[in-house]
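Accompanying notes for the structure given below.
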Amino acid sequence: LMGDRARPIRVEDLWNIPNAFTLSRLFLAIPLPFIIIYTDWWWGVLWLWGASTTDYFDGMLARAMNKVTGIGEVLDLTIDRTLMIPSIIAIVAVGHIVPDTWFAYVSYMVFFMFVISGDLLVFGGLIIFSMRKRKDANVTYPSPPFAAKALYCVQLLGLGLVIAPLSPNITAVILLVFCAYNLYAANVFFQKAKWIFFKKW
């Protein structure tokens, strides 16, 4: 988890074991679209969920080894997103989206919209935060509340359900429930982080 106290963002802090776990998620994300497209569906699900487990271990190790760093906090949030959009592109490219009703099709699209728009907001927020950080070294990125951390798991589960050969209508209902949770979690975190976008410079 990100801390609520200011930590310097230094490149030299990148080279430690917890950050190596974080970076491993980036390298695991590179082959993910090809695995989704060219292998059986369950390989894609296993790779997606397996790569995401590094998100748990990097934070756990950082706290256990007292190696929580500013650059590690920013990397953790940024690299989390590298699993999402490439997976969606691959899912669309390979034809996993074959819902037989408009309800299912619209539900899939709404879920993807939430995932993609959330990723874009995270990246945009980090860019604006880095600009603020240059002006004031004491500012810190707000620690994501549990609801926001759990949202990442919910989104990964949703992508896995889309990849798996399940009933489109059943999957659609589950995805809409996930979208409702997405709204809740995003609002919780936004209330904590909206100063990044709206606070006067």
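The values are calculated or read from the model by the stated rules, or taken from the named source; none is laboratory data. Because the structure is a prediction, the values reported are computed rather than measured. Counting neighbours? That spans all protein chains shown, and the Cβs are built from the backbone with ideal geometry, glycine included. Quick note on the areas: whole protein, heavy atoms, side chains included, nothing else; ligands and nucleic acids left out. Shrake-Rupley method; radii C 1.70, N 1.55, O 1.52, S 1.80 Å.
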- Message: Please report the carbon-and-sulfur percent of the accessible area for the chain; probe 1.4 Å, protein heavy atoms only, DNA, RNA and ligands left out.
- Response: 73 percent
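Would you mind getting me the FRET efficiency between Asp40 and Val173? Use the beta-carbon distance for r and R0 = 22 Å, nearest 0.05. Working shown, then result.
Numbers: r = 25 Å, r/R0 = 1.15.
That gives a FRET efficiency of 0.30.
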- Note on the structure: One finds, for Asp136 and Leu14 with R0 = 22 angstrom and r their Cβ-Cβ distance, a FRET efficiency to the nearest 0.05 of 0.45
- Scattering from the C-alpha atoms of the stretch 65-200 alone, worked out with Debye: what is log10 I(q)/I(0) at q = 0.13 1/Å? -0.61
- Value at 222 nm in deg cm²/dmol, rounded to 500, when DSSP H runs of n ≥ 4 in the chain each add -39,500 (n - 2.57): -24000 deg cm²/dmol
- Query: Looking at the stretch 8-99, which chymotrypsin sites (Phe, Trp or Tyr not before Pro) are in a loop (DSSP not H, G, I, E or B) and have at most 12 other Cβ atoms within 10 Å?
  - Reply: Trp15
- Tilt, helix 54-64 to longest principal axis of the chain (alpha-carbon atoms), in degrees rounded to tens, equals 30 degrees
- Note on the structure: Projected area averaged over all directions for the convex hull of the alpha carbon atoms of the stretch 31-116, nm², comes out at 6.6 nm²
- Note on the structure: With the 1.4 Å probe rolled over protein heavy atoms, the chain has an accessible area per residue in Å² of 53 Å²
- Item | Degrees between helix 102-135 axis and first principal axis of the chain (Cα, 0 to 90, nearest 10) | 10 degrees
- Item | DSSP-loop trypsin sites (Lys or Arg not before Pro) across the stretch 134-201, with at most 10 other Cβ within 10 angstrom | Lys199, Lys200
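Please find the FRET efficiency linking Ile128 to Val154, where r is the Cβ-Cβ separation and R0 is fixed at 35 Å, and quote it to the nearest 0.05.
0.85
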